[in-house]
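Written below as structure tokens is the structure these notes are about.
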Amino acid sequence: MSGRGTSFWLMKSEPDSFSIDDLQRRPAQTEAWDGVRNYQARNFMRQQMRVGDQAFFYHSNCEQPGIAGLMRIASEAYPDPTQFERGHHHYDPAARPEEPRWFLVDVRFERKLSRVITLTELREHAGRLPGFRLLAPGNRLSILPVSPAHWRYILKLE
DNA sequence: GCCAACGTTGGC
DNA sequence: GCCAACGTTGGC
């Protein structure tokens, strides 16, 4: 794939584990987005993400699910080291160092939104966001693409 | 904490 | 290759 501009993404994290504030406090405001154990999400990182792409930081499984901030993809995909760490929550006994199963990218904090754009609010705008996978019934993908038009539309809600 | 909607695993 | 069982996700 070539000749594309930057793309846009939405990446979910449970704020109890890792929040937009945690990212802001990291050295260089950058962190490895580890723990993705879904092939579709992995493939987005490996095949389509590029350094400089922008992403929504989405807080999931919490009191106020929604988009909390913006970040940039800061690295190409590389093997997620936690898959090899015996005893680690994300340890995968089937993964071998010479043939890693799981990958991650580094992400860099860009800014917090002035307020969280909640899932409830996004649903109210579903009519203007056709095909937005976050709103698809039963969706559980933790990394999903956002079209440029949807990205712009959502940011105007801030 | 519950549970519906998924994806993955593994027996056959 | 089918499909039931199981584990995970994530809203509520």
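Data overview
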{"item": "Cα point-scatterer Debye curve for chain A, base-10 log of I(q)/I(0) at q = 0.11, 0.12 Å⁻¹", "result": "-0.43, -0.51"}
{"item": "Size of electric dipole in the range A:44-104: Cβ of Lys, Arg +1 and of Asp, Glu -1, about Cα centre, debye, nearest 20", "result": "100"}
{"item": "Antiparallel DSSP beta bridges within the range A:1-136, as percent of all bridges there, nearest 5", "result": "75"}
{"item": "Contact order normalised by residue count of chain A, Cα under 8 Å, 6+ apart, percent", "result": "30"}
{"item": "Extended-chain gain in nm, criterion 0.36 nm per residue less alpha-carbon gap, residue A:123 and residue A:147", "result": "7.0 nm"}
{"item": "Estimated distance in nm for a label pair at residue A:86 and residue A:112, the labels positioned 7 Å out from Cα along Cα-to-Cβ", "result": "4.1"}
{"item": "Zone residues, the range A:90-104, relative to residue A:46, backbone N less than 14 Å from point 7 Å out along Cα-to-Cβ", "result": "A:95-104"}
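Bear in mind that the values in this text are calculations on the coordinates, not laboratory data. Since the model is a prediction, treat every value here as computed from it, not as a measurement. So basically every Cβ, Gly included, is an ideal-geometry build from the backbone, and we count neighbours across all protein chains shown.
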